[in-house]
Amino acid sequence: MNVEKIEEILAREELQIAPLWKRFVAFVIDELLISMIILGIAWEEISQNSQDIEIALEIVSDYTFSMFIIAIVYHWLFVKFYGATIGKMVVKIKVVEVALLDNPSLMQSFLRSLVRFLSMVLFYIPFLFILNSRVYQALHDRIVNTIVIELK
């Protein structure tokens, strides 16, 4: 859907796009939560080897794949069922599918989560699409036709 159509829908429904600072704060909160989950899972192993930093770092790197899976599932299910991750809930923003202005479908939220993760793997470069969009759509939002709105 083109930007003019999205802006028309937003104006008609009296909705506003989430400001970039709120999206950034939500991003930081979510990344910290995911990191804490991984740290909690690996804590026993890390604490047993805390004297040897190389072993501790190796343990953390062993959990990298788990972190990726947890991040994808976290974003997928929270966006599907709540329209927002915990970080987004804290700053009062929500992901909605453009046509229905409702939570994205199961497939949309999964694909959004997957492309979002791939954007992170690509050094966050695809996130820069936000700066080239009047409605602040990142690559993952453009692909699945979602926007992030501010809640009243």
Tail fraction, Cα-Cα pairs, segment 17-97, threshold 22 Å, whole percent: 36 percent
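Segment 100-141: which chymotrypsin sites (Phe, Trp or Tyr not before Pro) are DSSP loop and have at most 13 other beta-carbon atoms within 10 angstrom? Walk me through the numbers before you get to the answer.
Working: sites: Phe110, Phe117, Phe123, Tyr124, Phe127, Phe129, Tyr136; in loops: Phe123, Tyr124, Tyr136.
Counting only loop positions with at most 13 other Cβ atoms within 10 Å, the chymotrypsin sites (Phe, Trp or Tyr not before Pro) in segment 100-141 are Phe123, Tyr124.
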In segment 8-46, the GluC sites (Glu not before Pro) that fall in loop regions by DSSP, at most 16 other Cβ within 10 Å: Glu13, Glu14
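How high is the relative contact order of the chain, in percent, with contacts defined as C-alpha pairs under 8 Å that are six or more residues apart? If you can, show how the numbers build up before the last one.
Numbers: 178 pairs, mean separation 43.6, N = 152.
About 29 percent, as a whole number.
Could you work out [θ]222 nm for the chain from helices alone, using -39500 (n - 2.57) per DSSP H run of at least four and dividing by all its residues? Round to the nearest 500 deg cm²/dmol. Before the final figure, lay out the partial values.
Details: 7 runs with 96 residues, N = 152.
About -20500 deg cm²/dmol.
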Nearby lysines by direct alpha-carbon distance to Lys5 (threshold 23 angstrom, same-chain neighbours under 8 apart not counted): Lys94, Lys152
Residue of Asp52, Asp141, Asp30 that the Gaussian network model of the chain assigns the largest fluctuation, springs spanning Cα pairs under 10 Å: Asp52
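Taking the Cβ of Leu139 as the center, what net charge do the other residues with Cβ under 11 Å away carry, scoring Lys and Arg +1 and Asp and Glu -1? Walk me through the numbers before you get to the answer.
Numbers: positive: Arg112, Arg116, Arg142; negative: Asp141.
Cβ neighbours under 11 Å give a net charge of +2.
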Trypsin sites (Lys or Arg not before Pro) within segment 26-125, DSSP loop, no more than 16 other Cβ atoms inside 10 Å: Lys92
For segment 3-150, alpha-carbon Rg and Dmax in angstrom: 17.2, 60
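Any read-out appearing in this document is the output of simple, stated calculations on the displayed coordinates, not a laboratory observation. Just so it is clear, the structure is predicted and the values come from calculations on it, not from any experiment. Backbone-built Cβ (ideal geometry, glycine too); neighbour counts: all protein chains shown.
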